[in-house]
């Protein structure tokens with residue numbers, strides 16, 4: 001078998017499921033029917049799943065998650081088959097479900113486009129073969145086309161993933177605003193202390209607090225909100241100002257006159273930068289909150 005082929009992992013029963021569908025039946029079903037039909041697609045190599053045992057469970061889960069295409073035979077509603085299907089659809093699209101005609105599927109699979117084969121009806125089997133080939137080709141050519149309700153619910157538009165992501169962004173922006181408030185207070189204290197020092201230079205006192213930057217640094221690094229570059233430009237300017245002021249505060253005692261002069265001049269500019277940035281953050285948080 002060519003190593004260039006993608007794996008098509010087949011989930012199906014192994015042991016007897018009915019008097020007609022014995023262990024030998026399922027072996028022949030794969031070897032003589034499914035495998036040749038799948039491998040008519042020159043890009044696919046069919047591999048059958050193994051019986052669920054503890055020693056190979058990790059490998060089965062790995063195959064279910066990473067295989068580009070998975071075919072699931074739901075005939076006789078085998079519990080292990082449904083378990084493996086659940087694992088697959090929790091992680092990846094690209095799954096084709098099939099069943100022998102007459103199989104009654106559970107309600108939660110009713111909306112999924114299961115293909116039915118009918119071994120005793122030649123015309124129906126030809127139709128099945130055609131639809132099955134098309135489905136396999138579609139999985140190969142469009143691997144991200146949704147076919148899992150689980151993934152669509154968690155990761156699709158307006159779904160749980162987006163809700164969680166939005167809520168997390170709101171909390172993070174709240175932290176940015178809280179950090180801004182504390183930094184404003186510290187800058188006000190710095191300005192007042194400098195003015196007091198200039199009135200009484202022989203008895204200088206210094207501010208030990210430093211401006212916070214962890215929340216805005218996370219915003220700049222992760223860009224977890226959908227805003228344009230001007231928004232993040234404001235954030236980067238604010239972050240750069242924090243770094244510069246903290247460096248000045250660290251050298252204040254060593255060169256008080258020049259540092260205080262620089263801080264007084266810089267603080268006015270920094271306050272303007274902070275106010276513009278705060279307005280941007282509040283606007284962004286407002287947009288997210290209105291979506292809740």
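Multiply the residue gap between residue 276 and residue 127 by 0.36 nm, knock off their C-alpha separation, and tell me the result in nm, one decimal place.
Value of the extension gain: 47.2 nm.
What order do you get for 268, 84 when you list them from fewest to most C-beta neighbours inside 10 Å?
Sorted ascending by nearby Cβ count, the order is 268, 84.
What FRET efficiency comes out for the pair residue 50/residue 288, r = Cβ-Cβ distance, R0 = 45 Å, nearest 0.05?
According to the calculation, E is roughly 0.45.
Using only Cα atoms and rounding to the nearest 10 degrees, what angle (0 to 90) does helix 79-89 make with the longest principal axis of the chain?
Between helix and principal axis, roughly 40 degrees.
How high is the relative contact order of segment 160-290? Use alpha-carbon pairs under 8 Å, at least six apart in sequence, and give a whole percent.
34
Roughly how compact is segment 160-290, stated as its Cα Rg over 2.2 N^0.38 Å to two decimals?
1.21
Please report 239, 136 as a ranked list, fewest other C-beta atoms within 10 angstrom at the top and most at the bottom.
Exposure proxy ranking, most exposed first: 239, 136.
Specify the residue with the greatest mean-square fluctuation among 21, 142, 122, computed from a Gaussian network of the chain linking alpha-carbon atoms under 10 Å apart.
Of 21, 142, 122, the Gaussian network model singles out 122 as fluctuating most.
Using the Cα gyration tensor of segment 6-155, with a ≥ b ≥ c the square roots of its eigenvalues, what is the shape: rounded (a/c below 1.5), prolate (a/b larger than b/c) or oblate (neither)?
Because its axes are fairly even, with a/c under 1.5, segment 6-155 counts as rounded.
Using only the Cα atoms, what convex hull volume per residue in Å³ does segment 56-128 have?
104
What is the angle, in °, between the Cα long axis of helix 160-199 and the longest principal axis of the Cα atoms in the chain? Nearest 10 is fine, range 0 to 90.
Taking Cα atoms only, the helix is inclined about 10 degrees.
Can you pull the one-decimal nm distance between simple spin-label points at residue 25 and residue 220, each 7 Å off the Cα toward Cβ?
6.8
Bear in mind that the values in this text are calculations on the coordinates, not laboratory data. Remember, it's a predicted structure, so these values are computed and weren't measured experimentally. No Cβ is skipped: glycine too gets one built from the backbone with ideal geometry, and neighbour counts run over all protein chains shown.
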